Structure formats: C-alpha cells, structure tokens
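The structure appears right after this line, and notes come after that.
The values are calculated or read from the model by the stated rules, or taken from the named source; none is laboratory data. Because the structure is a prediction, the values reported are computed rather than measured. Side chains are part of the model used for accessible areas, which takes the heavy atoms of the whole protein and leaves out ligands, DNA and RNA. Shrake-Rupley method; radii C 1.70, N 1.55, O 1.52, S 1.80 Å.
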Amino acid sequence: QVQLVESGGGLVQPGGSLRLSCAASGIIFSSYHMGWYRQAPGKQREFVARITTSGSTQYADSVKGRFTISRDNAKNTVYLQMNSLNPEDTAVYSCNADHPTALAYWGQGTQVTVSS
C-alpha cells in the first residue's frame with residue numbers, strides 16, 4: 001500500500017518559515033520524481049516545486065528564491081523549506097510522487113496558514 005504522509009504545516013506570521021516533510025512508503029522512493037503542489041481556497045491546485053531522481057529542481061516563479069525542495073532517499077522523504085512566507089502562500093500543500101512508467105501518487109495534504 002502506497003502512502004505519502006505530509007507534515008509540518010501550521011500557522012505562521014508573514015515573513016516566517018516552515019519546513020514541510022512528506023514521508024513515502026510502499027514505493028521505490030529513489031525512482032520517483034517528487035513534487036509539491038498547493039491549493040488555496042477557491043483556486044485550482046498549482047505547482048510549487050519538483051525534484052527529480054537525479055536531484056534537479058524546478059520551482060514556480062511565485063516561490064523561486066524563497067522555497068527550497070530537497071530529498072533524502074535514505075529516509076524516503078521529500079522536504080519543502082519555505083522562507084519569507086506571505087499570506088498568498090496560504091494553502092493546503094500536497095506532495096506528489098511521479099514515475100515515468102508507473103502510477104502517480106498524492107498525499108492528503110497539510111494546511112499552511114500565513115497570517116498575523
């Protein structure tokens with residue numbers, strides 16, 4: 001059974017930081033590209049960041065320079081370090097496991113709220 005379990009969300013003030021984690025089980029983690037997506041209330045889910053099996057990274061323009069995605073294959077975990085948070089970053093953040101020849105998987109998400 002495949003599971004992606006996010007953690008680390010919460011309430012933070014503008015300008016603050018959070019680190020999200022996504023622990024994977026039931027997949028060969030090192031063979032999956034991993035990504036973070038977010039969905040704000042009333043909006044469509046949008047891409048945030050992605051890290052490939054080789055460690056290459058991509059970011060949405062809105063988070064470039066503020067967010068950093070990383071992975072630890074030994075721990076089957078992908079991270080999203082989020083700095084300089086602003087209210088527009090408020091959303092449910094979900095991780096995604098993507099494989100070129102297998103099913104993609106999604107976590108349930110973790111709420112991030114940026115508010116004073």
Inset, instruction - Express in Å², to the nearest 10, the accessible area of GLU46 obtained by rolling a 1.4 Å probe over the protein heavy atoms while all chains stay in place. - result: 80 Å²
Legend entry - Relative contact order computed over the chain (Cα-Cα under 8 Å; 6+ residues apart), in percent: 36 percent
Legend entry - Probe 1.4 Å, accessible area per residue of the chain, Å²: 53 Å²
Inset, instruction - Using a 1.4 Å probe over the heavy atoms of the protein chains, calculate the carbon and sulfur portion of the accessible area of the stretch 1-51 as a whole percent. - result: 46 percent
